2 protein chains.
Amino acid sequence: MMTEENKNDYILEDQIGFLMRLINQRHANIFAAHINESLTPTQFSVLVKLKQLGACSQNLLGRKTAVDVATIKGVVERLNKRGYIRTFPDIKDKRRILIELTEQGLAVIEDAIELGRKITEETLKPLKKSEQKILLKYLKKIT
Amino acid sequence: MMTEENKNDYILEDQIGFLMRLINQRHANIFAAHINESLTPTQFSVLVKLKQLGACSQNLLGRKTAVDVATIKGVVERLNKRGYIRTFPDIKDKRRILIELTEQGLAVIEDAIELGRKITEETLKPLKKSEQKILLKYLKKIT
DNA sequence: AAATATTTATTAGTATACTAACAATATATT
DNA sequence: AATATATTGTTAGTATACTAATAAATATTT
């Protein structure tokens, strides 16, 4: 039987979902403080992946960065408008829009990646190196 | 000096920020699968905290749930429209709007909390109980 | 008491993040 | 070849989540 005590022991601050939201907020702050070119974390991820993949479809880019099809459209639109990427039609598949980094986009993301290392480092700073490894290992398991 | 290899070893999938986004997505899916009353995680947090605090200002409620002032307004508006909370003016401080759970809201959140336990459990399921404790401990440290 | 600063709530604007419905194209099946 | 299925991209709608500017009320300082 459920006692009064049991009923009241739901501590919001101990729940993984709530904790993740707090950490996301802290990470977003650290991110914004480091990144000069005012990229969002999502835009950063998309540019990193685009550098790694080379020219690819909007759809694939979204899948590789875990950005859904409706969201990737706006992200690509804004990065395009700012001159970091360009788009062109795929001749072999008329459904597709191909996307690639511009020279400027490449320069921006190469700089940003170096800042990205610092962002990760600062986010994990409260933990020892050994603890950081364990944390990342466990986080990957619940992905 | 930075070698070619060093330059290319930025693995997006190993970064805390990217991992958190993936886990948030998985958690949101688990959350939506369990919660009947179609609450969002944010709405859930707000109702849990409101139950715990009792009547309080919109501003305090936002601070206690880490929802900023601009966002809490919409959250409160929607919960109000659905009849889960009611608002009334604070006589002692005319700036404030006080908020409290309705009977319906209390019933909804009491049910939802039981589901919340299962949501946390399922999110952490890939880890052993001992690993879960360590993960939460480390996550709290980087909050 | 008057001036200053802080707190609370609102509004407008931007950027994710998702669902659902849709159209166009490509692929697989019969 | 014709039909059915799957993929790609777009659009509309909802809900966070944030910044910055504003207004009203309260608290603090002088």
Revision key, fill the gap. Quick calc, the protein assembly as shown, dipole around Cα centre from Cβ unit charges on Lys, Arg (+) and Asp, Glu (-), nearest 20 debye, gives 100 debye
Check your understanding: Put a point 7 Å out from Cα along the line to Cβ at A:GLU77; what are the distances to that point in the other copies, in nm, shortest first?
Key -> 2.2
Point to revise | Test item: A:130-142 mean partner chain Cβ contacts at 10 Å | key: 6
Revision key, fill the gap. Beyond 19 Å (Cα-Cα) in this structure, taken from A:LYS128/B:LYS128; A:LYS141/B:LYS129; A:LYS125/B:LYS64; A:LYS64/A:LYS140, we find A:LYS128/B:LYS128; A:LYS125/B:LYS64
Exercise for review: For chain B, state the semi-axes of the equivalent ellipsoid (square roots of 5 times the eigenvalues of the alpha-carbon gyration tensor), sorted largest first and rounded to whole angstrom.
Suggested key: 36, 20, 13
Point to revise | Heavy-atom accessible area, 1.4 Å probe, ligands and nucleic acids excluded: residues of region B:66-80 down by at least 30 Å² from chain alone | key: B:ALA66
Check your understanding: So what's the convex hull volume per residue for the Cα atoms of the protein assembly as shown, in Å³?
Key -> 182 Å³
Check your understanding: Of B:GLY62, B:ILE72, B:ILE91, which is farthest along the charge dipole of region B:14-98 in the positive direction, counting Lys and Arg as +1 and Asp and Glu as -1 at C-beta?
Key -> B:ILE91
Check your understanding: Around A:LEU98, which amide H atoms from residues at least 5 apart in sequence, or from another chain, sit under 5 Å from its own amide H, with H modelled in the peptide plane?
Key -> A:PHE88, A:ASP90
Exercise for review: State, in square angstrom and to the nearest 100, the accessible area buried between chains A and B, both chains counted, probe radius 1.4 Å.
Suggested key: 4900 Å²
Revision key, fill the gap. If labels are modelled 7 Å from Cα along the Cβ direction, A:SER130 lies from its partners in the other copies at nm distances, smallest first, of 1.5
Review point. For region A:14-141, what is the accessible area per residue in Å², given a 1.4 Å probe and the full set of protein chains?
Key: 54 Å²
**Study point:** Extended-chain gain in nm, criterion 0.36 nm per residue less alpha-carbon gap, B:LYS128 and B:ASP90
**Key:** 8.9 nm
Check your understanding: From the label point of A:GLN25, set 7 Å from Cα along Cα→Cβ, how far away are the matching label points in the other copies, in nm, ordered shortest to longest?
Key -> 2.4
Review point. Using alpha-carbon pairs under 8 Å, 6+ residues apart, how would you state the relative contact order of region B:13-141 in percent?
Key: 26 percent
Revision key, fill the gap. Partner shielding of B:117-127, as the mean number of partner chain Cβ atoms within 10 Å, equals 3
Exercise for review: Can you tell me the 0 to 90 degree angle between the C-alpha axis of helix B:103-124 and the longest principal axis of chain B, rounded to 10?
Suggested key: 10 degrees
Revision key, fill the gap. In degrees, nearest 10, the alpha-carbon axis of helix A:41-53 is tilted away from the dominant principal axis of the alpha carbons of chain A by 50 degrees
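The values are calculated or read from the model by the stated rules, or taken from the named source; none is laboratory data. If you're wondering where the values come from, they're calculated on a predicted model, not measured in any experiment. Reconstructed Cβ throughout: ideal geometry from the backbone, glycine too, with neighbour counts over all protein chains shown. These accessible areas exclude ligands, DNA and RNA; they are computed on the full protein's heavy atoms, side chains included. Shrake-Rupley method; radii C 1.70, N 1.55, O 1.52, S 1.80 Å.
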